[in-house]
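> Below: one structure in structure tokens.
The values are calculated or read from the model by the stated rules, or taken from the named source; none is laboratory data. Because the structure is predicted, anything quoted here is derived from the model rather than measured. Here the Cβ positions follow ideal geometry from the backbone for every residue, glycine too, while neighbour counts run over all protein chains shown. Heavy atoms of the whole protein, side chains included, go into the accessibility calculation; ligands, DNA and RNA do not. Shrake-Rupley method; radii C 1.70, N 1.55, O 1.52, S 1.80 Å.
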Amino acid sequence: MGGVISADDPKWIEPFSGLTGAQFTMLVALVRRRGGDVQHGRPWRLPLADRVLLVATYWRTNLTLRQVAPLFGISKSAADRVLDHLAPLLALSPARRPRKDTVYIVDGTLVPTWDRSIAASSKNYRHSTNLQVVIDANSRLVVAIGLPLPGSRNGCRAFTESGVDRACCGAPVIADGGYQGTGLLIPHRRRRGQKELSPQQEAENAVHRQARAPEEHVLSRLKNWKILRDCRLKGNGVHQAMLGIARLHNLALNQ
């Protein structure tokens with residue numbers, strides 16, 4: 001039985017992947033170079049482009065694989081195989097050494113998840129995992145995604161424990177007030193006994209908030225992928241989904 005959705009029909013590509021036809025072709029070529037067409041056991045029923053689109057559809061809609069599989073004309077077990085094989089191949093590549101003029105911005109985002117091993121009750125009153133996201137302030141490209149940590153972990157600990165601190169070496173990094181003691185560029189805070197900030201400090205904080213705004217915009221775009229609003233994946237599934245979505249985000253920005 002044939003499916004409803006196929007990469008052969010361009011109308012399905014942009015709604016589910018966020019990419020143009022040319023960008024999606026580049027993505028499929030990348031996955032192929034990484035071993036996307038390698039077969040282990042039964043041959044793939046779907047061509048590689050359809051398999052990449054299936055993973056993007058799953059991340060975009062957060063439907064269960066039992067719901068997504070019939071849309072592509074395959075079984076739920078086959079969809080499981082596709083996700084397990086391709087999700088790591090779609091992951092964002094490790095950050096390169098920054099240029100001299102590079103400025104990074106870091107912030108954490110909470111992803112509600114069913115996997116209690118990487119989650120904790122957090123400020124959104126749900127069991128969530130804390131994912132640290134580093135972006136390039138100029139290009140708004142995602143540079144690095146940290147390892148998942150319990151949602152109750154504060155920013156100053158999460159920055160180092162997630163591993164994103166290594167990706168930031170050699171570049172100035174802007175962060176909010178939750179990253180005290182990390183050596184990052186954070187806003188002025190009132191010291192003990194200080195009733196209010198000076199006018200100069202308030203003005204500098206206003207500039208700092210404006211400089212951090214691109215990070216908020218990027219996190220908002222990433223959260224358009226519904227799997228990051230309620231992730232059912234276990235183990236490293238949420239991390240792989242975030243890395244893959246970051247790659248799709250970066251590819252969409254590179255017009």
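> Using the Cα atoms as the points, what is the convex hull volume per residue of the chain in Å³? Each step should come with its number before you reach the end.
On the way: hull volume 35.3 nm³, N = 255.
For the chain, the hull spanned by Cα atoms encloses 138 Å³ per residue.
> Grab the Cα-Cα distance for Arg99 and Arg190, subtract it from 0.36 nm times how many residues apart they are, and report the gain in nm with one decimal. Kindly include the intermediate steps, with their values, before the conclusion.
Details: separation 91, 0.36 × 91 = 32.76 nm, distance 3.38 nm.
Between Arg99 and Arg190, full extension yields an extra 29.4 nm.
> Put one equal scatterer on each alpha carbon of the range 1-150, apply the Debye formula with no solvent term, and list log10 I(q)/I(0) at q = 0.10, 0.18 1/Å to two decimals.
-0.45, -1.19
> In whole Å and largest first, what semi-axes does the C-alpha gyration tensor of the range 103-143 yield when each eigenvalue is scaled by 5 and square-rooted? Walk me through the numbers on the way to the answer.
Working: eigenvalues 137, 16, 9 Å².
One finds semi-axes of 26, 9, 7 Å for the range 103-143.
> For all pairs of alpha-carbon atoms in the range 54-141, what percent lies in each bin of width 10 Å, listed from the first bin to the last filled one?
In whole percents, the pair-distance histogram is 14, 28, 33, 21, 4, 0.
> For the chain, what does the helix formula give at 222 nm: sum of -39500 (n - 2.57) over DSSP H segments with n ≥ 4, over the residue count, nearest 500 deg cm²/dmol? Could you put the intermediate results ahead of the total?
Working: 9 runs with 102 residues, N = 255.
After summing the helix terms and dividing by the residues of the chain, the value is -12000 deg cm²/dmol.
> Okay, next question. Averaging over all projection directions, find the projected area of the Cα convex hull of the range 30-101 and quote it in nm² with one decimal place.
Working: hull surface 24.5 nm².
Averaged projected hull area, Cα only: 6.1 nm².
> Computed over the Cα atoms of the range 141-255, what is the convex hull's projected area averaged over all directions, in nm²?
Mean projected area for the range 141-255: 9.1 nm², to one decimal.
> Under a cut-off of 29 Å between alpha-carbon atoms, report the lysines in cross-link reach of Lys234, not counting same-chain residues fewer than 8 places apart.
Cross-link targets: Lys76, Lys123, Lys223, Lys226.
> Quick one: if the Förster radius is 45 Å, what FRET efficiency do Ala203 and Leu253 give, using the C-beta to C-beta distance and rounding to 0.05?
Working: r = 31 Å, r/R0 = 0.69.
With R0 = 45 Å, the Cβ-Cβ based efficiency is 0.90.
> Over all distinct alpha-carbon pairs, what is the Kirkwood Rh of the range 84-202 in angstrom? Numbers along the way, then the final one.
Working: mean 1/r = 0.0633 Å⁻¹.
The answer is 15.8 Å.
> Now for a different question. Determine the per residue accessible area of the chain with all protein chains present and a 1.4 angstrom probe, expressed in square angstrom.
On the way: 13270 Å² over 255 residues.
Accessible surface, normalised per residue, equals 52 Å².
> For the range 14-144, what % of the accessible area comes from carbon and sulfur atoms, probe 1.4 Å? Before the final figure, lay out the partial values.
Numbers: 3410 of 6350 Å².
Answer for the range 14-144: carbon and sulfur cover 54 percent of the accessible area.
> Would you look at the GNM of the chain, springs on alpha carbons closer than 10 Å, and say which of Ser17, Ser220, Ser128 moves the most?
Top of the fluctuation ranking is Ser220.
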